[in-house]
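Notes follow once the structure below has been shown.
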Amino acid sequence: ADSLGPAWAMDWMERARAAVSANRIELLDLDRAIGDGDHGENMDRGFTAVAAKLTTLAPQSAAEVLKTAATTLMSTVGGAAGPLYGTAFLRASKAGDGALGNTVDAAGVASLLEAAVEGIQARGKAEQGEKTMVDAWLPAAQAARAAADEGRGPVEALRAAADAAAQGAVDTEPLIATKGRASYLGRRSVGHRDPGAQSSSLLLLAAAEAAEA
Ligand code: ADP
Ligand code: MG
Ligand code: MG
(Lines give C-alpha, C1' and ligand atoms only; values in the text may rest on other atoms or scores of the structure.)
(Ligands and ions follow the chains in the order given, each with its own letter.)
Protein backbone atom coordinates (compact mmCIF):
# COMPACT_ATOMS: atom_id res chain seq x y z
CA ALA A 1 0.00 0.00 0.00
CA ASP A 2 1.13 3.57 -0.73
CA SER A 3 -0.84 4.85 2.22
CA LEU A 4 -2.47 3.52 5.37
CA GLY A 5 -5.97 4.39 6.52
CA PRO A 6 -8.39 3.85 9.39
CA ALA A 7 -8.43 0.05 8.98
CA TRP A 8 -4.67 -0.01 9.58
CA ALA A 9 -5.01 2.17 12.68
CA MET A 10 -7.79 -0.04 14.04
CA ASP A 11 -5.69 -3.16 13.41
CA TRP A 12 -2.68 -1.44 15.04
CA MET A 13 -4.64 -0.81 18.22
CA GLU A 14 -6.00 -4.38 18.30
CA ARG A 15 -2.49 -5.81 17.82
CA ALA A 16 -1.19 -3.43 20.49
CA ARG A 17 -3.81 -4.72 22.91
CA ALA A 18 -2.87 -8.33 22.16
CA ALA A 19 0.89 -7.64 22.43
CA VAL A 20 0.61 -5.77 25.71
CA SER A 21 -1.61 -8.51 27.12
CA ALA A 22 0.74 -11.30 25.97
CA ASN A 23 3.77 -9.46 27.43
CA ARG A 24 2.09 -8.25 30.61
CA ILE A 25 4.28 -10.37 32.90
CA GLU A 26 7.49 -9.35 31.13
CA LEU A 27 6.59 -5.67 31.51
CA LEU A 28 5.68 -6.22 35.16
CA ASP A 29 9.03 -7.92 35.79
CA LEU A 30 10.98 -5.14 34.08
CA ASP A 31 9.16 -2.54 36.17
CA ARG A 32 9.61 -4.61 39.33
CA ALA A 33 13.38 -4.48 38.78
CA ILE A 34 13.72 -0.69 38.45
CA GLY A 35 10.27 0.77 39.25
CA ASP A 36 7.16 -0.14 41.21
CA GLY A 37 6.11 -3.22 39.27
CA ASP A 38 2.91 -1.96 37.69
CA HIS A 39 3.79 -1.13 34.08
CA GLY A 40 2.38 -4.38 32.62
CA GLU A 41 -0.84 -3.89 34.56
CA ASN A 42 -1.13 -0.22 33.58
CA MET A 43 -0.62 -0.94 29.88
CA ASP A 44 -2.88 -3.98 29.80
CA ARG A 45 -5.68 -2.00 31.45
CA GLY A 46 -5.17 0.90 29.05
CA PHE A 47 -5.12 -1.02 25.79
CA THR A 48 -8.00 -3.25 26.85
CA ALA A 49 -9.98 -0.04 27.37
CA VAL A 50 -8.84 1.32 23.98
CA ALA A 51 -9.98 -1.85 22.20
CA ALA A 52 -13.35 -1.71 23.98
CA LYS A 53 -13.81 1.95 23.08
CA LEU A 54 -12.89 1.35 19.44
CA THR A 55 -15.65 -1.24 18.99
CA THR A 56 -18.08 1.70 19.10
CA LEU A 57 -16.19 3.73 16.49
CA ALA A 58 -16.62 3.71 12.69
CA PRO A 59 -13.56 5.85 11.92
CA GLN A 60 -13.10 7.95 8.77
CA SER A 61 -9.36 8.42 9.34
CA ALA A 62 -6.34 6.96 11.11
CA ALA A 63 -6.17 10.23 13.05
CA GLU A 64 -9.60 9.61 14.53
CA VAL A 65 -8.52 6.19 15.83
CA LEU A 66 -5.34 7.60 17.38
CA LYS A 67 -7.27 10.42 19.04
CA THR A 68 -9.71 7.98 20.63
CA ALA A 69 -6.77 5.87 21.80
CA ALA A 70 -5.11 8.97 23.28
CA THR A 71 -8.04 10.08 25.39
CA THR A 72 -8.71 6.52 26.56
CA LEU A 73 -5.05 5.95 27.51
CA MET A 74 -4.96 9.23 29.43
CA SER A 75 -7.94 8.24 31.53
CA THR A 76 -7.04 4.57 32.12
CA VAL A 77 -3.27 3.92 32.18
CA GLY A 78 -2.30 6.13 35.12
CA GLY A 79 1.22 6.47 36.51
CA ALA A 80 3.93 8.17 34.49
CA ALA A 81 3.19 6.26 31.30
CA GLY A 82 -0.50 7.24 30.98
CA PRO A 83 -0.03 10.95 30.33
CA LEU A 84 3.08 10.27 28.25
CA TYR A 85 1.39 7.75 25.94
CA GLY A 86 -1.78 9.85 25.92
CA THR A 87 0.17 12.90 24.77
CA ALA A 88 2.10 10.82 22.22
CA PHE A 89 -1.06 9.48 20.57
CA LEU A 90 -2.82 12.85 20.75
CA ARG A 91 0.08 14.61 18.99
CA ALA A 92 0.28 11.74 16.50
CA SER A 93 -3.43 12.12 15.73
CA LYS A 94 -2.97 15.84 15.10
CA ALA A 95 -0.04 15.20 12.77
CA GLY A 96 -2.37 12.83 10.90
CA ASP A 97 -5.20 15.36 10.80
CA GLY A 98 -3.12 18.33 9.78
CA ALA A 99 -0.98 17.39 6.84
CA LEU A 100 -2.24 14.05 5.67
CA GLY A 101 -5.98 13.74 5.25
CA ASN A 102 -7.52 10.34 5.81
CA THR A 103 -4.49 8.18 5.09
CA VAL A 104 -0.81 8.10 5.97
CA ASP A 105 2.06 7.71 3.49
CA ALA A 106 5.74 7.19 4.41
CA ALA A 107 6.32 10.89 5.13
CA GLY A 108 3.12 10.80 7.16
CA VAL A 109 4.41 7.85 9.20
CA ALA A 110 7.55 9.84 9.94
CA SER A 111 5.55 12.95 10.87
CA LEU A 112 3.27 10.90 13.08
CA LEU A 113 6.19 9.35 14.99
CA GLU A 114 8.02 12.69 15.24
CA ALA A 115 4.89 14.29 16.67
CA ALA A 116 4.55 11.43 19.17
CA VAL A 117 8.11 11.76 20.45
CA GLU A 118 7.79 15.55 20.62
CA GLY A 119 4.73 15.06 22.80
CA ILE A 120 6.55 12.61 25.07
CA GLN A 121 9.45 15.02 25.44
CA ALA A 122 7.21 18.06 25.98
CA ARG A 123 5.47 16.20 28.77
CA GLY A 124 8.34 14.28 30.39
CA LYS A 125 11.37 16.47 29.64
CA ALA A 126 13.59 13.44 28.96
CA GLU A 127 16.40 13.57 26.43
CA GLN A 128 17.79 10.53 24.63
CA GLY A 129 19.94 8.36 26.93
CA GLU A 130 17.98 8.94 30.15
CA LYS A 131 16.64 5.35 30.04
CA THR A 132 13.01 6.10 29.19
CA MET A 133 10.53 5.42 26.40
CA VAL A 134 12.17 8.31 24.50
CA ASP A 135 15.03 5.91 23.80
CA ALA A 136 12.66 3.75 21.74
CA TRP A 137 10.56 6.48 20.07
CA LEU A 138 13.35 8.81 19.01
CA PRO A 139 15.34 6.28 16.94
CA ALA A 140 12.03 4.96 15.58
CA ALA A 141 11.02 8.41 14.32
CA GLN A 142 14.49 8.95 12.85
CA ALA A 143 14.41 5.58 11.06
CA ALA A 144 10.96 6.31 9.62
CA ARG A 145 12.11 9.71 8.37
CA ALA A 146 15.20 8.17 6.76
CA ALA A 147 13.06 5.52 5.04
CA ALA A 148 10.65 8.16 3.75
CA ASP A 149 13.52 10.32 2.49
CA GLU A 150 14.89 7.29 0.62
CA GLY A 151 11.55 6.98 -1.19
CA ARG A 152 10.37 3.87 0.58
CA GLY A 153 6.69 3.28 1.41
CA PRO A 154 4.78 3.52 4.68
CA VAL A 155 4.97 -0.21 5.41
CA GLU A 156 8.76 -0.17 5.13
CA ALA A 157 8.94 3.05 7.16
CA LEU A 158 6.99 1.37 9.97
CA ARG A 159 9.16 -1.74 9.81
CA ALA A 160 12.30 0.41 10.04
CA ALA A 161 10.75 2.27 12.99
CA ALA A 162 9.84 -0.96 14.78
CA ASP A 163 13.35 -2.39 14.30
CA ALA A 164 14.92 0.84 15.59
CA ALA A 165 12.61 0.89 18.61
CA ALA A 166 13.47 -2.72 19.46
CA GLN A 167 17.17 -1.89 19.31
CA GLY A 168 16.56 1.31 21.29
CA ALA A 169 14.86 -0.68 24.06
CA VAL A 170 17.80 -3.12 24.24
CA ASP A 171 20.18 -0.16 24.30
CA THR A 172 18.57 1.16 27.51
CA GLU A 173 20.06 -1.77 29.45
CA PRO A 174 23.50 -0.26 30.23
CA LEU A 175 22.09 3.22 30.90
CA ILE A 176 21.71 4.96 34.27
CA ALA A 177 18.12 6.20 34.67
CA THR A 178 17.84 9.93 35.28
CA LYS A 179 14.07 10.36 34.80
CA GLY A 180 11.04 8.67 36.34
CA ARG A 181 10.97 6.21 39.23
CA ALA A 182 14.00 4.26 37.99
CA SER A 183 16.13 7.38 38.62
CA TYR A 184 15.70 6.77 42.38
CA LEU A 185 17.96 3.73 41.91
CA GLY A 186 20.78 5.69 40.30
CA ARG A 187 23.56 3.32 39.24
CA ARG A 188 21.53 0.31 40.41
CA SER A 189 19.30 0.83 37.37
CA VAL A 190 22.19 -0.32 35.16
CA GLY A 191 21.74 -3.76 33.59
CA HIS A 192 17.95 -3.58 33.35
CA ARG A 193 15.85 -2.71 30.31
CA ASP A 194 13.49 0.23 30.71
CA PRO A 195 9.88 -1.05 30.84
CA GLY A 196 8.45 1.93 28.96
CA ALA A 197 11.02 1.57 26.17
CA GLN A 198 10.07 -2.10 25.93
CA SER A 199 6.32 -1.40 25.78
CA SER A 200 6.99 1.30 23.17
CA SER A 201 8.85 -1.25 21.10
CA LEU A 202 5.85 -3.60 21.33
CA LEU A 203 3.51 -0.82 20.18
CA LEU A 204 5.66 0.04 17.17
CA LEU A 205 6.02 -3.61 16.22
CA ALA A 206 2.21 -3.82 16.33
CA ALA A 207 2.02 -0.82 13.97
CA ALA A 208 4.41 -2.47 11.50
CA GLU A 209 2.65 -5.84 11.65
CA ALA A 210 -0.73 -4.19 11.06
CA ALA A 211 0.74 -2.45 8.01
CA GLU A 212 2.23 -5.69 6.70
CA ALA A 213 -0.97 -7.71 7.25
P1 ADP B 1 5.05 4.65 37.11
O2 ADP B 1 6.52 4.84 37.04
O3 ADP B 1 4.33 5.90 37.53
O4 ADP B 1 4.65 3.44 37.89
P5 ADP B 1 4.74 3.14 34.65
O6 ADP B 1 5.37 2.04 35.40
O7 ADP B 1 3.44 2.82 33.99
O8 ADP B 1 4.55 4.42 35.58
O9 ADP B 1 5.70 3.66 33.50
C10 ADP B 1 7.09 3.75 33.71
C11 ADP B 1 7.77 4.15 32.40
O12 ADP B 1 7.44 5.50 32.09
C13 ADP B 1 9.28 4.13 32.46
O14 ADP B 1 9.78 2.82 32.19
C15 ADP B 1 9.69 5.13 31.40
O16 ADP B 1 9.84 4.54 30.13
C17 ADP B 1 8.51 6.07 31.35
N18 ADP B 1 8.85 7.36 31.93
C19 ADP B 1 8.84 7.71 33.22
N20 ADP B 1 9.19 9.01 33.35
C21 ADP B 1 9.43 9.48 32.10
C22 ADP B 1 9.81 10.75 31.54
N23 ADP B 1 10.02 11.82 32.31
N24 ADP B 1 9.95 10.84 30.19
C25 ADP B 1 9.73 9.76 29.40
N26 ADP B 1 9.37 8.56 29.86
C27 ADP B 1 9.22 8.42 31.18
MG1 MG C 1 5.56 1.56 37.36
MG1 MG D 1 3.13 3.19 39.35
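The values are calculated or read from the model by the stated rules, or taken from the named source; none is laboratory data. It should be emphasised that the depicted structure is a prediction, and the values quoted were computed from it without experimental measurement. Don't worry about glycine lacking a Cβ; one is built from the backbone with ideal geometry, like all the others, and counts go over all protein chains shown.
Would you point out the residue of the stretch 182-203, among those that are without any contact (Cβ under 8 Å) to a residue 60 or more places away in the chain and within 15 Å of ligand 3 (Cβ to nearest atom), that is surrounded by the most Cβ atoms within 10 Å (Cβ to Cβ)?
Here the residue is Ser183.
Just give me the residues in the stretch 72-97 being under 22 Å from Ala110 (Cα atoms) and away from ligand 3 (no atom under 16 Å from the Cβ), in sequence order.
The answer is Thr87, Ala88, Phe89, Leu90, Arg91, Ala92, Ser93, Lys94, Ala95, Gly96, Asp97.
From the list Ala1, Ala63, Ala58, which one is assigned to a helix (DSSP H, G or I) and either within 19 Å of Ala169 (Cα to Cα) or away from ligand 3 (no atom under 16 Å from the Cβ) (or both)?
Step by step, each of Ala1, Ala63, Ala58 is checked, and only Ala63 is assigned to a helix (DSSP H, G or I) and either within 19 Å of Ala169 (Cα to Cα) or away from ligand 3 (no atom under 16 Å from the Cβ) (or both).
Does Ala9 fit the bill of being part of a helix (DSSP H, G or I), modelled with pLDDT of 95 or more and surrounded by fewer than 19 Cβ atoms within 10 Å (Cβ to Cβ)?
no
Which ones in the stretch 17-33 are surrounded by 19 or more Cβ atoms within 10 Å (Cβ to Cβ) and away from ligand 2 (no atom under 16 Å from the Cβ)?
Of everything in the stretch 17-33, those that are surrounded by 19 or more Cβ atoms within 10 Å (Cβ to Cβ) and away from ligand 2 (no atom under 16 Å from the Cβ) turn out to be Arg17, Ala19.
Can you give me the number of residues within the stretch 138-156 that are surrounded by fewer than 19 Cβ atoms within 10 Å (Cβ to Cβ) and either in contact with a helix residue (DSSP H, G or I) (Cβ under 6 Å, 6 or more places away or on another chain) or among the charged types (D, E, K, R) (or both)?
Of the residues in the stretch 138-156, 4 are surrounded by fewer than 19 Cβ atoms within 10 Å (Cβ to Cβ) and either in contact with a helix residue (DSSP H, G or I) (Cβ under 6 Å, 6 or more places away or on another chain) or among the charged types (D, E, K, R) (or both).
Taking the stretch 27-43 as the region of interest, how many residues are free of Cβ contacts under 8 Å to residues at least 60 places away in the same chain and aliphatic (A, V, I, L, M)?
Result for the stretch 27-43: 1.
Every residue in the stretch 34-58 that is within 13 Å of ligand 2 (Cβ to nearest atom) and either hydrophobic (A, V, I, L, M, F, W, C) or modelled with pLDDT under 95 (or both), please.
If the condition is that a residue be within 13 Å of ligand 2 (Cβ to nearest atom) and either hydrophobic (A, V, I, L, M, F, W, C) or modelled with pLDDT under 95 (or both), then Ile34, Met43 are the ones that fit.
If you go through the stretch 167-180 one residue at a time, do you hit one that is hydroxyl-bearing (Ser, Thr, Tyr), surrounded by 24 or more Cβ atoms within 10 Å (Cβ to Cβ) and at pLDDT 95 or above?
The answer is yes, given that some residue of the stretch 167-180 is hydroxyl-bearing (Ser, Thr, Tyr), surrounded by 24 or more Cβ atoms within 10 Å (Cβ to Cβ) and at pLDDT 95 or above.
Which condition breaks for Gly46 when tested against (1) assigned to a helix (DSSP H, G or I); (2) within 16 Å of ligand 3 (Cβ to nearest atom); (3) surrounded by fewer than 18 Cβ atoms within 10 Å (Cβ to Cβ); (4) not charged (D, E, K, R)?
(3)
Assuming Glu41 fulfils every condition listed in (1) over 23 Å from Arg123 (Cα atoms); (2) over 15 Å from the mean Cα position of the chain (by Cα) apart from one, which condition is it?
Checking Glu41 against (1) over 23 Å from Arg123 (Cα atoms); (2) over 15 Å from the mean Cα position of the chain (by Cα), the one that fails is (1).
Within the stretch 116-137, identify whether any single residue is within 16 Å of ligand 3 (Cβ to nearest atom) and closer than 16 Å to Ser199 by Cα, and answer yes or no.
Checking the stretch 116-137: at least one residue is within 16 Å of ligand 3 (Cβ to nearest atom) and closer than 16 Å to Ser199 by Cα.
Does Leu158 fit the bill of being closer than 25 Å to Ile34 by Cα and at pLDDT 95 or above?
Answer is no for this residue.
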